[in-house]
Structure formats: C-alpha cells, structure tokens
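One structure below.
The values are calculated or read from the model by the stated rules, or taken from the named source; none is laboratory data. The shown structure was predicted, so the numbers you read here are calculated from the model rather than taken from an experiment. In this analysis, Cβ positions are derived from the backbone assuming ideal geometry, glycine residues included, and neighbour counts consider all displayed protein chains.
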Amino acid sequence: MNKLEFQNIKFIKDNKIIINNLSLNFDSKKVYSLVGPNGAGKSTIGKLIMGFSGYNKFDGDVIFNNKSIKNLNITKRVNLGITMTLQEPVRYSGISINDYLSINDSDILKQKKCLEKVGLDSELYLERNLDETLSGGERKRVEFASILLMKPKVIILDEPDSGIDINSIDFISKMLREFQKMHSIVIVITHNIEILEKTDYSYLVCNGNLVDFGESKYINKYFKNKCIKCSHKNTPEKIIQI
Ligand SMILES: Nc1ncnc2c1ncn2[C@@H]1O[C@H](COP(=O)(O)OP(=O)(O)O)[C@@H](O)[C@H]1O
Ligand SMILES: [Mg+2]
C-alpha cells in the first residue's frame, strides 16, 4: 500500500501564511478529496506535494512511503510516481495524442485500450493533434488516458471538472475508481459537492487551515451547510512584522 503524509506544513509566500501547520494523511485504500472555497490553499497543497518551483521551501515535511521527499526536485518526485493534473486541460500544438501518450508508453495497442477506457474512439483520436481543435473535455480525457498508461503511485487531480462539460461528473467518478484499481493514491482537489460525494474521505481546508476531515458524506453536509453560505473572505493575512 502506498502512503503519503503531509506533515505539519507551514508555507509562507509574499509574507502571507498560505498553508498553516497543516497535516494530511493519504493512502491507496480510499479516494480522497481536498475540498474548500476558492483561495483556501488547495492547489498550493498539490504544488507542495509535487515540488513545483517556488513551492519547495516550507516548514514541516512531505513523507512518501516512509521517506522524506522534501529535498527532492520535481523530476525525482515524478520518477517516484507522483503526478498532478492541472485545472486547465493540456494543450500542445503540433503534438498528436499518439505522441503525448508515448511519453508514458509507446505501445499502440495499450494506447488504444486506454483511449477506449476514457470514452474516446482510438481510430478517430490517436492521430489528432492535442490542440484547441479538441474540446476541454476531450483533452481532459486524453490526460486521464495518459495517467492510465503511466500507472503513477500518487495522482493529484486539480479541479478535474473545470473547463469540461457538465455531464462529466459520472465520467470523473468512474475514472477515480479506475485509478484506485491501479493501487494509486487518488487525491481530488475540488469545490464541487457532486465530485466530493464520489470520494470516500475528505479534508476540508479554509484559509490554509484544516477545518475538518472525515468520511465524505459527513464533510459534504458541513461544506454544503456552512462553507457554501459562508461570506468569510478567504484571503491569507499578512504576517505582522514586530
Ligand atoms: N505563488 C503564489 N504567490 C503568492 N500568493 C499565492 C501563490 N500561490 C497561491 N497564492 C495565494 O494563496 C492562496 C491559496 O491559493 P490556492 O492554493 O490557489 O487556492 P485554491 O486552490 O484553494 O483556490 C490564495 O490567496 C492565493 O492568492
Ligand atoms: Mg485551485
């Protein structure tokens, strides 16, 4: 079983506390969501786990399968099997879907099988360019096919429903379970209640703080009844210099 621990992390940017002594634990038994309003710090948590530039100096530690990855650069983390999809679906002009999928596995039969799994007819799509001639939803599906080929150990999906069609919730839910079948740690970043409901366990974050955690059906009620109605301005406070 894979295990990821986000241990007591404090992350300061531009003199503002973006993440405040936050601890989160993930494993490959459940599908997790990281939920909270806009500006809560959800994407930042993903970027800290990946080690994007500007996101590798913080207090606390990130432990993957009992080893600290805090001092590893992004390439080393990717090589360990940690990956993240960003809000905006991928788009490359001059690169075909076949080229893009070949980054993970150049076996055409496997590529076709994964395209079919994400609901794309491989005969129609494999040679198409991964550019704006495809819809956001189609490009997101290609990203998911690429994850199926990659078989990563940690999959962080940042707002997977953004920029794609409304009927995508069932598709996303199906993909979450496909990823779980690969024994990956699956973490979905979202502020969409319908997506939250499709996960097993949730961490609720607000203003860089952990507000609550537990089974998604329990956190769902809290989020629906308190957070959505809450008018609290979700901007990090400046650190007061003494
Ligand atoms: N690189 C950065 N520099 C300065 N502020 C940032 C940076 N990244 C995020 N923030 C701030 O941190 C807060 C949390 O951002 P983010 O993690 O993107 O929130 P969420 O994904 O929950 O909407 C926001 O107030 C945002 O403006
Ligand atoms: Mg975000």
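Return the pair list, or none, for Cβ contacts closer than 7 Å from residues in region 3-14 that are closer than 16 Å to Leu34 by Cβ to residues that are among the polar types (S, T, N, Q), at least 6 apart or on different chains. Here the result reads Glu5/Asn25; Phe6/Ser23; Gln7/Ser23; Phe11/Thr44, each pair linking region 3-14 to a residue that is among the polar types (S, T, N, Q). Out of the residues in region 74-91 that are out of contact with any helix residue (DSSP H, G or I) (no Cβ under 7 Å at 6 or more places or on another chain) and not acidic (Asp, Glu), state the one that is nearest to ligand 1 (Cβ to nearest atom). Looking at residues that are out of contact with any helix residue (DSSP H, G or I) (no Cβ under 7 Å at 6 or more places or on another chain) and not acidic (Asp, Glu), I get Gln87. Scanning region 1-44 for residues that are within 16 Å of ligand 2 (Cβ to nearest atom), more than 15 Å from Val211 (Cβ to Cβ) and among the aliphatic types (A, V, I, L, M) yields a single hit, Ile18.
The residues listed here are Phe26, Phe52, Phe11; of these, the one that is touching a Leu at 6+ places or on another chain (Cβ under 7 Å) and within 12 Å of ligand 1 (Cβ to nearest atom) is Phe11. If you check Ser122, Ser135 for being at pLDDT below 95, of a type in the set (S, T, N, Q) and farther than 30 Å from Ile9 by Cβ, only one passes: Ser135.
Across region 29-39, which residue is nearest to ligand 1 (Cβ to nearest atom) among those that are at pLDDT below 95 and crowded, with 17+ Cβ neighbours inside 10 Å? Ranking the qualifying residues of region 29-39, first place goes to Gly36. Which of the numbered conditions does Val142 fail, given that it passes all the others? Conditions: (1) within 18 Å of Cys114 (Cα to Cα); (2) modelled with pLDDT under 95. Unmet condition: (2). One residue stands out among those in region 158-169 that are part of a loop (DSSP other than H, G, I, E, B) and within 16 Å of ligand 1 (Cβ to nearest atom): the one that is farthest from Asp27 (Cα to Cα), which is Gly163. Out of all the residues in region 140-157, is one or more within 16 Å of ligand 1 (Cβ to nearest atom) and either among the hydroxyl-bearing types (Ser, Thr, Tyr) or touching a residue at least 12 places away in the same chain (Cβ under 8 Å) (or both)? Looking for residues that are within 16 Å of ligand 1 (Cβ to nearest atom) and either among the hydroxyl-bearing types (Ser, Thr, Tyr) or touching a residue at least 12 places away in the same chain (Cβ under 8 Å) (or both), one finds at least one in region 140-157, hence yes. Residues in region 106-141 that are among the small types (Gly, Ala, Ser), in a helix (DSSP H, G or I) and loosely packed, with under 14 Cβ neighbours inside 10 Å: none.
Residues being near ligand 1 (Cβ under 9 Å from one of its atoms) and surrounded by 18 or more Cβ atoms within 10 Å (Cβ to Cβ) are entirely absent from region 64-73. Of the residues making up region 170-229, those that are surrounded by 22 or more Cβ atoms within 10 Å (Cβ to Cβ), within 16 Å of ligand 1 (Cβ to nearest atom) and either in a strand (DSSP E or B) or at positive phi (or both) are Ile187, Val188, Ile189, Thr190, Ser202, Tyr203, Leu204, Val205, Gly208. Taking the listed residues Leu101, Leu86, Leu80, Leu109, the one that is touching a residue at least 12 places away in the same chain (Cβ under 8 Å) and over 22 Å from Pro160 (Cα atoms) is Leu80, with no other qualifying. Quick one: how many residues across region 87-105 are crowded, with 16+ Cβ neighbours inside 10 Å and in contact with a strand residue (DSSP E or B) (Cβ under 7 Å, 6 or more places away or on another chain)? So the answer is 1.
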